[in-house]
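S.K.: This structure is in structure tokens; I'll ask about it shortly.
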Amino acid sequence: MITQHHAVTPESSGYRAHFAFTDRWGGVSAAPYGELNLGGAVGDEPAAVLTNREAAARGLGLDPAQVVWMNQVHGRDVAVVDGPWGERAEAPAVDAVVTARRGLPLAVLTADCTPVLLADPVAGIAAAAHAGRPGLVAGVVPAVVEAMVGLGADISRITAHTGPAVCGRCYEVPAEMRSDVAEAVPASWSETSWGTPAVDVTAGVHAQLEALGVRDRHTSPVCTLESGDHFSYRRDRTTGRLAGYVWLD
């Protein structure tokens, strides 16, 4: 199953932004990756992942061969792209991709980390970012917004969607780690529902976006650890990956 959102601009602009997030259902992967695992580096059968990626893309009306994936490494590097990497090219080690090419779908994989999808439909700029705890601290969100602006986006027009992720009431961490993360991003400070130190990555992402001037922001209500309909690394360890997609047409 895929949840979609749209951002419509004035008719004169000619662009519409699409944002989509998957859950774990509707694919062919077997347990513990069942069913719609879209991650190619988690131990699942490559043929099953390929079938799932094709089904998810076609369900969105996209060409599976055009989807731009990343080799995510929990950093802040951003790649500006104008097409897919190609069958023989390996995706670079980046945690954000940005494009000015209309119709080019960008994808981000997660299983507790916060997927961040952004678009300025007027300028025709779209971006996808992977914001886990290390990436939040490293500044992947400011880096991707800076890259969008460098291509002609206007911060006042950017729409941002964050997808299903582990919530701040479930993401338990050592007290020292919470302090370190909150020193960099104060809004990330949290406490679990059982009273122990925690980090709220999604809250941190939205605080960074707000500080940058991004006002049109939307948050998924889904906590991946609590939801049996979504993959969660913290809950299951060996599991599949969800995907977030963004594109303009």
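Values quoted throughout were computed directly from the atomic coordinates according to the rules given, and no laboratory measurement underlies them. Model, not experiment: these values are computed from the prediction. With ideal geometry, Cβ positions are generated from the backbone for all residues, glycine too; neighbour counts draw on all protein chains shown.
S.K.: Could you tell me how far the Cα centroid of region 31-94 sits from the Cα centroid of region 97-133, in Å?
M.R.: Using only Cα atoms, the two centres lie 13 Å from each other.
S.K.: Whose amide H sits under 5 Å from the amide H of Ala79, counting only residues 5 or more places off or on another chain, with H placed in the peptide plane?
M.R.: Ala96, Val97, Val98
S.K.: May I pose another question? Restrict the search to region 27-116; then list the GluC sites (Glu not before Pro) that DSSP places in a loop and that have at most 15 other Cβ atoms within 10 Å of their Cβ.
M.R.: Sparse-neighbourhood loop GluC sites (Glu not before Pro): Glu87, Glu90.
S.K.: How far apart, in nanometres, would the label points at Ala41 and Ala91 be if each is projected 7 angstrom from Cα along the Cα-to-Cβ direction?
M.R.: 0.9
S.K.: I would also like to ask the following. Name the cysteines of the chain that stand alone by the Cβ rule: no other cysteine Cβ under 4.7 angstrom.
M.R.: Among the cysteines of the chain, those whose Cβ sits 4.7 Å or more from every other are Cys113, Cys170.
S.K.: Roughly speaking, what is the stretch gain from Glu146 to Asp82, that is 0.36 nm per residue apart minus the C-alpha to C-alpha distance, in nm to one decimal?
M.R.: Difference between extended and current length: 21.3 nm.
S.K.: Under a point-charge model restricted to the Cβ atoms of Lys and Arg (+1) and Asp and Glu (-1), what is the dipole moment magnitude of the chain relative to its Cα centre, in debye to the nearest 20?
M.R.: Dipole of the chain, to the nearest 20 debye: 180 debye.
S.K.: Return the long-range amide H neighbours of Ile125 (sequence gap of 5 or more, or a different chain), with a cut-off of under 5 Å between placed amide H atoms.
M.R.: For Ile125, whose amide H was placed from the backbone, the distant partners under 5 Å are Asp120.
S.K.: Residues of region 161-183 with amide nitrogen under 14 Å from the 7 Å Cα-to-Cβ point of Trp194?
M.R.: Zone members listed by number: 169-174.
S.K.: Loop by DSSP (not H, G, I, E, B), at most 15 other beta-carbon atoms within 10 Å: where is the longest site-free stretch of the chain for chymotrypsin sites (Phe, Trp or Tyr not before Pro)?
M.R.: In short, 86-193.
S.K.: For region 17-102, run through the trypsin sites (Lys or Arg not before Pro) and keep only the ones in DSSP coil with at most 10 other Cβ atoms within 10 Å of their Cβ.
M.R.: Arg88
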